[in-house]
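Below you'll find the structure, written out as structure tokens, and then a few comments.
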Amino acid sequence: MVVSHFLKWICTAKVSERAAAAAALANAYVQHTLPFEDRCAAEAALTLLLDDPSSKVRQAMAEALSMSRHAPPQVIAALAADQPEVAALVVARSPLLTDADLIDRVAAGTVATQKLVADRPSVSMPVAAAIAEIGEADACVVLLKNCGADIASLSFRRMAERFGHVSAVREALIADMRLPADCRHMLLVKLGETLKGSPLVQALMGAARAERLMRDACIKASLTLIEGTQGDEHAALAEHLRLRGDLTASFLIRTVAHGKIDFFGSALVVLTRRSEQRVASLLAAGNDVALRALLTGSGLAEATHAVILRALKVWREVANGKRVAGVQEVSWLMLKELGGQGAQGELATLVKSIHLDALRENARGHALAIAAA
């Protein structure tokens with residue numbers, strides 16, 4: 001009876017009155033305060049109100065129904081497809097919208113709609129994947145900052161591939177502790193490419209020098225990245241570097257010189273396709289003959305074997321507590337293996353550069369320690 005009077009009354013009521021009445025009816029519906037028959041009538045009335053010419057009425061309904069699991073599903077579906085100011089409330093909050101509904105909103109909606117979906121209290125892995133695959137950069141930033149979003153590793157990679165050159169996305173990705181190591185390396189490379197292509201950088205140092213400096217910076221950043229990467233991610237990072245063509249002899253020599261033996265082992269597993277257990281056993285206690293065979297199988301030239309074996313022996317002693325050494329001493333012993341400071345050739349130049357970098361880093365640390373004392 002109440003609903004019957006309501007339906008007659010709305011034909012002549014003002015917009016503000018209709019909006020207030022719609023909100024009251026919607027609240028009564030979701031709070032189960034109506035008898036069954038009146039509840040059925042209320043649902044019919046709410047459905048009818050979807051045709052109200054004023055968006056304020058529909059917005060009042062959306063406000064009342066958007067957070068309830070007991071709202072009429074056909075009403076929620078219609079409100080979610082309404083004008084932006086109406087749909088925003090439902091898209092952002094309604095628990096009745098399925099993953100399929102949300103994915104459709106991401107695909108067909110504006111950037112604002114994508115951001116609303118990305119900022120929902122809980123975002124499932126399929127919805128996050130849709131945003132990563134077809135969402136705009138701003139929506140991806142919102143998704144990455146949402147602690148309630150369940151993001152798959154593949155989705156992180158797609159966002160890095162699509163928007164790694166966009167600073168806001170790049171910063172949000174790097175700040176996310178869930179980001180896989182290979183994605184972090186991808187972002188380092190994209191940042192280097194962005195800086196290298198900057199007109200200012202090219203004007204200051206020229207294209208060739210910019211290329212060289214950025215390559216060296218990426219290599220050093222990659223070594224730092226390895227240090228902060230969990231052991232179970234080393235294999236994925238090594239495979240990523242291999243596919244990019246970055247798992248070069250010079251890079252592997254740098255990893256050994258810097259004591260990244262676990263990662264070096266993962267790289268050898270990727271390159272030789274031998275088991276992790278076998279490679280780890282050889283690196284820990286294998287003799288020179290077995291190690292040389294392993295290095296040959298990985299594609300490393302015979303000329304590099306001596307310096308790598310020298311470094312491995314030193315790091316073994318460090319690991320066993322028989323010696324205290326760092327990159328500076330290890331790189332010096334590697335250089336001695338090649339003939340000392342007077343050695344010539346690309347390999348000697350590489351080892352010298354590693355040693356000089358270690359000297360500079362140690363001197364810098366010493367100076368800072370003195371300044372802080």
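The values are calculated or read from the model by the stated rules, or taken from the named source; none is laboratory data. None of the values given here were measured: they were computed from a predicted structure. With ideal geometry, Cβ positions are generated from the backbone for all residues, glycine too; neighbour counts draw on all protein chains shown. Protein only, heavy atoms only, side chains kept; ligands, DNA and RNA dropped before computing areas. Shrake-Rupley method; radii C 1.70, N 1.55, O 1.52, S 1.80 Å.
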Checklist entry - What residue, among those in region 99-137 that are part of a loop (DSSP other than H, G, I, E, B) and either open to solvent by less than 60 Å² (accessible area, probe 1.4 Å) or in contact with a strand residue (DSSP E or B) (Cβ under 6 Å, 6 or more places away or on another chain) (or both), is farthest from Glu171 (Cα to Cα)? => result Gly109
Next on the checklist: Test of understanding: among Ala238, Ala208, which residue is in a helix (DSSP H, G or I), open to solvent by 40 Å² or more (accessible area, probe 1.4 Å) and either over 22 Å from Ala301 (Cα atoms) or at pLDDT 65 or above (or both)?
Outcome noted: Ala208
Checklist entry - In region 247-283, what residues are open to solvent by less than 50 Å² (accessible area, probe 1.4 Å) and outside any helix (DSSP H, G or I)? => result Leu247, Gly259, Lys260
Item to check | region 336-348: number of residues that are open to solvent by 40 Å² or more (accessible area, probe 1.4 Å) and of a type in the set (A, V, I, L, M, F, W, C) | outcome: 1
Checklist outcome for this item: Across region 27-77, the tally of residues that are in contact (Cβ under 8 Å) with a residue 24 or more places away in the chain, over 15 Å from Ser94 (Cβ atoms) and of a type in the set (Gly, Ala, Ser) stands at 7
Item to check | Residues being open to solvent by 20 Å² or more (accessible area, probe 1.4 Å), over 15 Å from Ile174 (Cα atoms) and over 11 Å from the mean Cα position of the chain (by Cα) - total across region 138-156 | outcome: 3
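This table checks each residue for (1) over 22 Å from Asn362 (Cα atoms); (2) crowded, with 19+ Cβ neighbours inside 10 Å.
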position	(1), (2)
Ala303	yes, no
Ala311	no, yes
Asn320	yes, no
Glu329	no, no
Met334	no, yes
Checklist entry - Going through region 69-84 one residue at a time, which ones are among the small types (Gly, Ala, Ser), within 33 Å of the chain's Cα centre (by Cα) and surrounded by fewer than 22 Cβ atoms within 10 Å (Cβ to Cβ)? => result Ala77, Ala81
Item to check | All positions within region 320-373 that are of a type in the set (Val, Ile, Thr) and either part of a loop (DSSP other than H, G, I, E, B) or touching a strand residue (DSSP E or B) at 6+ places or on another chain (Cβ under 9 Å) (or both) | outcome: Val324
Checklist entry - Of everything in region 16-26 that's farther than 17 Å from Met67 by Cα and free of Cβ contacts under 8 Å to residues at least 40 places away in the same chain, which residue is most open to solvent (accessible area, probe 1.4 Å)? => result Glu17
Item to check | Tabulated pairs, region 349-373, first over 13 Å from Gly326 (Cα atoms) and surrounded by 12 or more Cβ atoms within 10 Å (Cβ to Cβ), second among the polar types (S, T, N, Q) and at pLDDT below 85, C-beta under 9 angstrom, 6+ apart or interchain | outcome: Lys352/Gln341
Item to check | Number of the condition not met by His165 [criteria: (1) open to solvent by less than 50 Å² (accessible area, probe 1.4 Å); (2) more than 8 Å from the chain's Cα centre (by Cα)] | outcome: (1)
Checklist entry - Can you name the residue in region 168-195 that is without any contact (Cβ under 8 Å) to a residue 24 or more places away in the chain, within 23 Å of Leu247 (Cα to Cα) and within 11 Å of the chain's Cα centre (by Cα) and, of all such residues, is surrounded by the fewest Cβ atoms within 10 Å (Cβ to Cβ)? => result Ile174
